[in-house]
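For reference, the structure discussed in these notes is given below.
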Amino acid sequence: MARLKIGQFCTCKTLYGVLIFLLTTVFFLLCSLQSCKNASGMLTPYAATDTLRNKDKFLVKALAMPVDSIVVVKHFRHMYVFNEKKLLKVYHISLGTSPIGPKHFQGDRKTPEGIYYINGKNPNSQAHKSLAISYPNDNDRKYARSFGQPTGGDVKIHGLLNGYEDEKDEFVKTDWTWGCIAVTNEEIDELYSHVVIGSPINILP
């Protein structure tokens, strides 16, 4: 009889432990799913903790799938590219020479912040090749108009300025653009071939 009670106790304890484990797992999965989406439903790089710990692996990985969404974190100087919410690769980027804060006006040399779209490709850019970003949007125009200022535009993801290819190492160490997002020529070649027109790009501070 005593053995039976002990056995029953152990079985209940085991089942209780399994139940707690399952509930905890479900809780953390739900938290992870919630934390990896922003208001637009796009994945953010904060969900890709393994990527951040092992980012070098993704910095050298070649793209093999179309890119249908992009996330930029200005503070990290990283650009994350996705296919159907699967992280494909991380790029080191350069920003405008006044990188802190969102772009508001023409000539402020800031890189925009917010959700935009890739709305064009230029194979003959003055910076090798480029992908156009849909800045300014209606909110940008309204804000600039309230200050009596032009918004500026022509914001791109692009490579190095033509004629400066031999100085690549110097460019990638600094923020040098007028507000665009810059990568190397090899990287813009890759992005140019894989980024789908109309893809959203979420640019975070």
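The values are calculated or read from the model by the stated rules, or taken from the named source; none is laboratory data. Please read these numbers as outputs of a predicted model, since none were measured by experiment. Virtual Cβ from ideal backbone geometry, glycine too; neighbours counted across all protein chains shown. Accessible surface is based on the protein model in full, side chains and every heavy atom, while ligands, DNA and RNA are left aside. Shrake-Rupley method; radii C 1.70, N 1.55, O 1.52, S 1.80 Å.
What pairs in LYS61/LYS103; LYS121/LYS173; LYS86/LYS142; LYS85/LYS168 have C-alpha atoms more than 28 Å from each other? Over 28 Å Cα-Cα: LYS61/LYS103; LYS86/LYS142; LYS85/LYS168. How charged is the neighbourhood of LEU161? Take every other residue with its Cβ under 13 Å from the Cβ of LEU161, and add Lys/Arg as +1 and Asp/Glu as -1. With Lys, Arg at +1 and Asp, Glu at -1, the neighbours total -1.
Suppose the chain between GLN149 and THR174 were pulled fully straight at 0.36 nm per residue; how much longer would it get relative to their current alpha carbon spacing?
Working: separation 25, 0.36 × 25 = 9.00 nm, distance 2.80 nm.
Result: 6.2 nm gained on full extension.
As a fraction of the 1.4 Å probe accessible area of the stretch 82-198, surface on carbon and sulfur atoms comes out at 48 percent.
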